[in-house]
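Here the structure is laid out as structure tokens; the discussion comes afterwards.
The values are calculated or read from the model by the stated rules, or taken from the named source; none is laboratory data. Computed from a predicted model, the values in this text were never measured in an experiment. We place every Cβ from the backbone using ideal geometry, glycine too, and count neighbours over all the protein chains shown.
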């Protein structure tokens with residue numbers, strides 16, 4: 001049996017976004033604008049679904065990593081924008097725990113609320129705050145299946161010491177979802193999520 005190597009490669013158009021790592025994103029709105037722009041560029045460049053995410057140092061606003069949905073491009077169902085951003089942030093800081101002792105607090109900004117899979121990864125990632133644009137219902141409205149999430153998923157994260165802020169620039173994030181639908185973007189729920 002051959003064992004492969006996992007290679008996570010962002011599309012080339014992401015490079016200018018990575019160059020902004022020294023810039024400070026001083027507000028939740030500025031951080032969300034970046035996540036939304038990543039989602040928009042991902043569909044305009046036809047490199048994936050309408051989802052973008054980024055991880056920042058909470059206090060300084062320093063950009064640590066970005067992520068875009070790479071499900072179709074990679075033929076890998078787990079490469080959602082949040083998962084990509086988490087993996088790349090953990091590699092950047094050299095730890096699987098972004099909330100580890102001696103580390104600054106980290107925040108995940110995501111253009112759409114996390115699906116069930118991404119929600120499950122958030123507590124283990126070490127981020128201390130999640131900032132969301134569009135809602136899970138907005139994603140479902142264009143056909144995506146967000147999976148089985150607890151009704152009070154926000155409360156469940158709060159119990160783990162993770163703050164959740166919802167609806168930041170929601171209309172802008174919704175517009176990207178609608179654009180994806182209007183352009184005939186693939187709704188890639190495996191077997192309809194069943």
For this session: Go through region 59-82 and give me each residue that's in a loop (DSSP other than H, G, I, E, B) and crowded, with 19+ Cβ neighbours inside 10 Å.
Result: 69, 70, 79, 80
Seminar exercise, completed: Reported set for region 39-57 where residues are buried (at least 24 other Cβ atoms within 10 Å of the Cβ) and over 17 Å from residue 183 (Cα atoms) is 52, 53, 54, 55, 56
Seminar exercise, completed: Taking region 14-53 and keeping residues touching a helix residue (DSSP H, G or I) at 6+ places or on another chain (Cβ under 9 Å), touching a residue at least 60 places away in the same chain (Cβ under 8 Å) and assigned to a helix (DSSP H, G or I) leaves 32, 33, 34, 35, 36, 38, 39, 40, 43
Exercise. Which ones in region 178-194 are at pLDDT 75 or above and at negative phi?
Worked result: 178, 179, 180, 181, 182, 183, 185, 186, 187, 188
